[in-house]
Amino acid sequence: MEEEYWHTTLETSRDREEESLRLLKKIAEMEIGDFPSHIIEEIKSKWET
């Protein structure tokens, strides 16, 4: 029973990790113009301060 719990927990953790990597790769491949303008403005304002 405990072994099954850990197997499920590790599998869930691995799935989350893989999804996070997929999202990071997707973000990395985006062009600046793909971001909504309010996000670009927020980045610019933080960059300048």
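With respect to Ser37, determine if the residue is without any contact (Cβ under 8 Å) to a residue 40 or more places away in the chain, surrounded by 10 or more Cβ atoms within 10 Å (Cβ to Cβ) and small (Gly, Ala, Ser). Answer is no for this residue. Being hydrophobic (A, V, I, L, M, F, W, C), within 19 Å of the chain's Cα centre (by Cα) and modelled with pLDDT of 90 or more, is that true of even one residue in segment 1-21? There is at least one residue in segment 1-21 that is hydrophobic (A, V, I, L, M, F, W, C), within 19 Å of the chain's Cα centre (by Cα) and modelled with pLDDT of 90 or more.
The values are calculated or read from the model by the stated rules, or taken from the named source; none is laboratory data. These numbers come from a predicted model, not from an experiment. Reconstructed Cβ throughout: ideal geometry from the backbone, glycine too, with neighbour counts over all protein chains shown.
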